[in-house]
1. What is the one condition in (1) buried (at least 16 other Cβ atoms within 10 Å of the Cβ); (2) more than 24 Å from His145 (Cβ to Cβ) that Ile187 does not satisfy?
2. Give me the residue from region 107-129 that is loosely packed, with under 13 Cβ neighbours inside 10 Å and modelled with pLDDT under 90 and, out of that set, nearest to Gly85 (Cα to Cα).
3. Please identify the pairs in which a residue from region 305-333 that is charged (D, E, K, R) and surrounded by 15 or more Cβ atoms within 10 Å (Cβ to Cβ) has its Cβ atom under 6 Å from the Cβ atom of a residue that is at pLDDT below 85 and part of a loop (DSSP other than H, G, I, E, B), counting only partners at least 6 apart or on another chain.
4. Any residue at all in region 85-94 that's in contact with a Phe, Trp or Tyr (Cβ under 6 Å, 6 or more places away or on another chain), crowded, with 19+ Cβ neighbours inside 10 Å, modelled with pLDDT of 90 or more and not assigned by TED's automatic domain parsing to the domain that holds Asn30?
5. Just to verify a result, which residue in region 212-230, among those that are of a type in the set (A, V, I, L, M, F, W, C) and either part of a strand (DSSP E or B) or free of Cβ contacts under 8 Å to residues at least 60 places away in the same chain (or both), is nearest to Pro27 (Cα to Cα)?
6. Could you figure out which of (1) among the polar types (S, T, N, Q); (2) surrounded by 13 or more Cβ atoms within 10 Å (Cβ to Cβ); (3) within 28 Å of the chain's Cα centre (by Cα) isn't true of Asn97?
7. Could you check Ser175 against (1) assigned by TED's automatic domain parsing to the domain that holds Lys316; (2) out of contact with any Asp or Glu (no Cβ under 8 Å at 6 or more places or on another chain); (3) small (Gly, Ala, Ser); (4) not in a loop (DSSP other than H, G, I, E, B) and say which number it fails?
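The values are calculated or read from the model by the stated rules, or taken from the named source; none is laboratory data. All of these numbers come straight from a predicted model, not from anything done at the bench. So basically every Cβ, Gly included, is an ideal-geometry build from the backbone, and we count neighbours across all protein chains shown.
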Amino acid sequence: MGKIGRKRPRRGSLQYWPRVRARRAYPRINNWPARAEPGLLGFVGYKAGMTHIMIVDARKHSPTRGEELRRPVTVIETPPVRIFGLRVYGRSPTGLNVVGEAWAGELDKDLKRRLVLPKKVRTEQKLAQLERQLGTADQVRVLVHTIPRTTGIGKKRPEVIELAVGGRDAKEQFSWAKSALGKDARISDVFKPGTYLDVHAVTKGKGFQGVIKRFGVKLEKHKSEKGRRKVGTLGNWDAKTWRVAHAGKMGYHRRTEYNKFLFKIADPKEQPINPAGGLVKYGNVKSQYALIDGSLPGPKKRLLVLTYALRTPQKKLTTVPEIIGYSLRSQQG
């Protein structure tokens with residue numbers, strides 16, 4: 001006989017619960033890091049694929065210091081974004097409330113594929129009105145839209161996202177946002193190689209899956225009465241509980257990868273990254289691209305949001321490792 005009352009960990013992970021599916025294909029950022037320097041606190045890019053680079057280990061106490069290392073990296077195409085609006089927020093007992101917003105006078109024609117554009121934009125009047133209300137404002141953010149025509153994914157409809165602005169107070173943030181209204185911003189203006197980033201994305205959608213794949217439930221024995229790929233019991237008939245694994249939709253969740261190291265920002269014309277025939281399921285990278293350490297969530301062509309790290313690691317690289325080569329072979333990722 002086996003042990004009576006034997007215990008074991010439950011099957012499946014409850015790290016994320018409830019497992020809510022995302023409302024849209026690119027994430028919304030709830031927490032932004034604070035920076036005293038005026039400028040964007042984040043940027044966006046399209047996931048293009050993965051490759052590997054050869055670097056020289058520059059860690060001070062590493063046993064392989066000075067030797068060549070192979071690191072997997074994710075290629076993100078980061079075309080410029082256009083700042084077409086700014087939004088002023090005020091603090092209230094229930095959180096942040098929108099005080100008002102102003103749009104640029106000239107708007108991209110492709111933006112009407114995403115939003116209903118106003119017939120007449122009173123930019124100067126709106127800016128003057130918002131500037132008088134800065135005394136009670138808490139922070140200022142900008143509205144940007146992507147320019148997917150400059151990429152190789154064959155897309156015209158832009159994505160619209162709100163990005164936070166750095167600055168010591170709302171007046172300094174407003175001054176920077178006002179000067180940048182209607183202009184394009186590049187990733188090289190926001191981040192520099194050697195920066196630690198938090199990458200926000202929506203994971204791949206897996207569709208309707210069973211409990212084995214969805215929760216990692218152990219397979220039943222081959223003589224199980226109701227089937228092998230099912231849970232042994234659904235619990236009490238009267239007391240329904242969400243702790244029992246069920247089949248259902250899996251994936252397409254908003255997730256964040258913390259402290260991802262930015263190795264490189266480059267232009268494909270100066271430093272080629274495209275293999276022969278282009279990246280698998282993506283095509284050729286035409287705009288600026290970024291190489292970020294490790295893998296990132298989401299399928300190819302999905303929009304990722306890059307932000308400054310909220311909590312940088314205690315042991316971090318102080319210098320950017322020397323990249324001595326990377327693969328131009330077409331790889332899955």
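1. (2)
2. Pro118
3. Nothing qualifies.
4. Yes, region 85-94 contains at least one residue that is in contact with a Phe, Trp or Tyr (Cβ under 6 Å, 6 or more places away or on another chain), crowded, with 19+ Cβ neighbours inside 10 Å, modelled with pLDDT of 90 or more and not assigned by TED's automatic domain parsing to the domain that holds Asn30.
5. Ile212
6. (2)
7. Of everything listed in (1) assigned by TED's automatic domain parsing to the domain that holds Lys316; (2) out of contact with any Asp or Glu (no Cβ under 8 Å at 6 or more places or on another chain); (3) small (Gly, Ala, Ser); (4) not in a loop (DSSP other than H, G, I, E, B), Ser175 misses just condition (1).
Per-residue answers, yes or no, for (1) free of Cβ contacts under 8 Å to residues at least 24 places away in the same chain; (2) farther than 24 Å from Pro33 by Cα; (3) part of a strand (DSSP E or B); (4) out of contact with any Ser or Thr (no Cβ under 8 Å at 6 or more places or on another chain):
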| position | (1), (2), (3), (4) |
| --- | --- |
| Arg59 | no, yes, no, yes |
| Ser62 | yes, yes, no, yes |
| Val88 | no, no, yes, yes |
| Asn97 | yes, no, yes, yes |
| Leu107 | yes, yes, no, yes |
| Asp110 | no, yes, no, yes |
| Val116 | yes, yes, no, yes |
| Gln125 | yes, yes, no, yes |
